[in-house]
Amino acid sequence: MSESFDFDKVIDRRGSYCTQWDFVADRFGEPDLLPFTISDMDFAVAPAIRAALQQRLDHGVFGYSRWQHHDFLSAVCHWMQTRFHTTPDERSVVYGPSVIYMVAQAMRRWTVPGDEVLIHTPAYDAFYTLLTQSQRQILAQPLLRDAQGWRCDMQALEQQLARPGCKLMLLCSPHNPTGKVWTREELTQMAALCERYQVRVISDEIHMDMVWGDIVHLPWSEVARSDWALFTSASKSFNIPALTGAWGIISDQQDRQAFMQQMKADGLSSPAVFAVAAHIAAYREGAPWLDALRTCLQANLQHVAQRLNAAFPVLDWQPPQATYLAWLDLNPLGIDEAALQQQLIQQQKVAMMPGSTYGEASRGFLRLNAGCPRSKLDEGLSRLIAALQALGA
């Protein structure tokens, strides 16, 4: 008999120091907005994780900890084998406080200020911030869209990778915000091109567990040729980002050692013990909960499509291949992005991420986080539809 989990329960997150709810004014300028913003979910974590954390809490001693042990490493390998049919070499695994931190550390080792780093655009906004603040040059490779979905122009990609200044490709796989899942053919082509032009690769795979239907996520490790790193975490899939904690694979032994030495130099050699315990529980016992959650999220995305397309048939919006983030192209409605944001914030009291956050070329898009109970999602959709109608859509 399969377990049942309640994803309809509304949990009040206000007053929990929650970025999405309590600090919405930081980005949107107004407090008390109904948020569909930063990519965490409004669901309680899996019972297996809560039990593991309670057991650790009951122990009562929270001294310095380690992640280099069989319990953690074997849990990672078990997850990769059962979900993605690949088994990492335990010796290649590294650990850090977050995926974006680990990306930053690897990037600093493999590039210097002034080097070009290729990203596919639209891009996760933290990529822009990281590259700009570290004085790396952003080499944008715009994704193209046709009837089959989002794709990369491989000829244009080769021209970019062949540039003398291009030293690194920062891949988002699956892609945020479009929700694209890279095919084996695309990844194989990219790997061959990166090897040809001696471009290293960092693959951010934090959304790897959130792939829908029969589509399959292929880890970069399965196609990689040149020096590379893959970073991921249970934080998105199991809704535990507040615990911190991420892990990855670095192909070269020297690079791994340098990475871990830098972690120690930064005072991060002892991980948060609750994060380690949560990862072990998630990867060993969390699959039934995750599979039930995936069913809920897919239904939520279908619901977004049904309601938006009923209100505005010209949109013909289709759910993404991956992530619980609805990347909505509102350009067919001819609505100005700034006017829409003002209507959403001032009149409808709702917060959704404007497309320009992910690159100016995405002005007119909107990113809506559907990782929430259906009642909240419906309320948000009603407010979005009202805002669009008020602007003449």
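The values are calculated or read from the model by the stated rules, or taken from the named source; none is laboratory data. In this text the structure is predicted, and so the values were computed from the model without any measurement. Quick reminder, even Gly has a Cβ in these numbers, built from the backbone with ideal geometry, and neighbours come from all protein chains shown. For accessibility, only protein heavy atoms count, side chains too; no ligands or nucleic acids. Shrake-Rupley method; radii C 1.70, N 1.55, O 1.52, S 1.80 Å.
Structure summary
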quantity: Unmet requirement for Leu139, which otherwise passes all of (1) in a loop (DSSP other than H, G, I, E, B); (2) free of Cβ contacts under 8 Å to residues at least 60 places away in the same chain; (3) out of contact with any His (no Cβ under 9 Å at 6 or more places or on another chain); calculated: (1)
quantity: Gln133 vs. criteria in contact with a strand residue (DSSP E or B) (Cβ under 6 Å, 6 or more places away or on another chain), open to solvent by 70 Å² or more (accessible area, probe 1.4 Å), within 30 Å of Arg163 (Cα to Cα) and at pLDDT 95 or above; calculated: no
quantity: Residues of the range 66-98 satisfying the condition of being of a type in the set (Val, Ile, Thr) and open to solvent by 10 Å² or more (accessible area, probe 1.4 Å); calculated: Thr82, Thr86, Thr87
quantity: Pairs with Cβ under 6 Å, 6+ apart, first in the range 353-381 and in contact (Cβ under 8 Å) with a residue 60 or more places away in the chain and closer than 15 Å to Ala339 by Cα, second among the acidic types (Asp, Glu) and surrounded by fewer than 23 Cβ atoms within 10 Å (Cβ to Cβ); calculated: Phe365/Asp329
quantity: Number of positions in the range 113-130 that are exposed (fewer than 13 other Cβ atoms within 10 Å of the Cβ) and touching a residue at least 12 places away in the same chain (Cβ under 8 Å); calculated: 2
quantity: Residue among Gly213, Gly245 that alone is surrounded by 22 or more Cβ atoms within 10 Å (Cβ to Cβ), in contact (Cβ under 8 Å) with a residue 60 or more places away in the chain and on the phi > 0 side of the Ramachandran plot; calculated: Gly245
quantity: Within the range 311-332, tally of residues that are surrounded by fewer than 18 Cβ atoms within 10 Å (Cβ to Cβ) and either part of a helix (DSSP H, G or I) or touching an Asp or Glu at 6+ places or on another chain (Cβ under 6 Å) (or both); calculated: 5
quantity: Selection from the range 149-177 of residues that are in contact with a Leu (Cβ under 6 Å, 6 or more places away or on another chain), open to solvent by 50 Å² or more (accessible area, probe 1.4 Å) and part of a strand (DSSP E or B); calculated: Trp150, Arg151
quantity: Any hit, the range 191-203, residues being closer than 20 Å to Phe72 by Cα and either touching a residue at least 60 places away in the same chain (Cβ under 8 Å) or touching a His at 6+ places or on another chain (Cβ under 9 Å) (or both); calculated: no
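Residue-wise test of (1) open to solvent by 50 Å² or more (accessible area, probe 1.4 Å); (2) assigned to a helix (DSSP H, G or I); (3) over 15 Å from Ala123 (Cα atoms).
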| position | (1), (2), (3) |
| --- | --- |
| Gln343 | no, yes, yes |
| Ala351 | no, no, yes |
| Ser356 | no, yes, no |
| Leu366 | no, no, no |
| Cys372 | no, no, yes |
| Ser375 | yes, yes, yes |
| Leu381 | no, yes, yes |
| Ile385 | no, yes, yes |
| Leu388 | no, yes, yes |
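For (1) outside any helix (DSSP H, G or I); (2) of a type in the set (Gly, Ala, Ser), each residue gets a yes or a no:
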| position | (1), (2) |
| --- | --- |
| Gly179 | yes, yes |
| Ala191 | no, yes |
| Glu195 | no, no |
| Ile202 | yes, no |
